[in-house]
1. Quick query: amide H of ARG87 versus all other amide H atoms, modeled in the peptide plane; which residues come in under 5 Å with a sequence gap of 5 or more or a different chain?
2. Please give, to one decimal in nm, the separation of the simple spin-label points placed at GLN17 and ARG94, each 7 Å out from Cα toward the Cβ.
3. List the residues whose amide H sits under 5 Å from the amide H of LYS4, counting only those 5 or more places along or on another chain, with H placed 1.01 Å from N in the peptide plane.
4. Starting from 0.36 nm per residue, how many nanometres of slack lie between ILE53 and VAL72 once their C-alpha separation is accounted for?
5. For a test of the definition: using alpha carbon positions, the gyration tensor, and the 1.5 limit on a/c, classify the range 1-59 as rounded, prolate or oblate.
Amino acid sequence: MERKCTACGTVLKYAGQEKLQLGKTSWLLGDLPNLLAGALQVHIYYCSGCGKIEFYAAGEQPAEDGNGMAQVKCPYCGHLHDMDDSRCPYCNQRLMDIT
């Protein structure tokens with residue numbers, strides 16, 4: 001599928017696929033909120049005309065991502081996420097009981 005730049009209309013060039021870290025670092029908990037938030041798999045496109053970069057959701061992922069982590073669907077919202085997530089990074093529903 002050909003994508004066009006939303007700023008200038010030039011055909012975008014594909015730059016690859018990456019995971020964007022969700023969450024944020026806090027002064028009290030450090031990077032712990034990042035670990036709990038998970039990541040979002042995106043396709044990255046760039047415009048050779050104006051330099052704009054655009055991200056698009058990667059959509060359905062295979063049962064395993066490129067880093068070897070198994071993916072499962074959230075029973076509440078249906079999004080795929082890492083199997084070891086204790087909460088869904090999309091809807092924040094608790095997925096596992098920690099005993």
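1. Amide H neighbours of ARG87, under 5 Å, 5+ apart: LEU95.
2. The answer from the label model is 3.4 nm.
3. LEU12
4. On the way: separation 19, 0.36 × 19 = 6.84 nm, distance 2.93 nm.
Net length gain for the segment: 3.9 nm.
5. Numbers: a/c = 4.22, a/b = 2.47, b/c = 1.71.
Note, shape of the range 1-59 comes out prolate.
Where a number appears in this text, it was derived from the coordinates with a stated rule and is not lab data. Computed from a prediction, not measured in an experiment: that's the story for all the values here. When we count neighbours, we look across all protein chains shown, and the Cβ atoms used for this are built from the backbone with ideal geometry, even at glycine.
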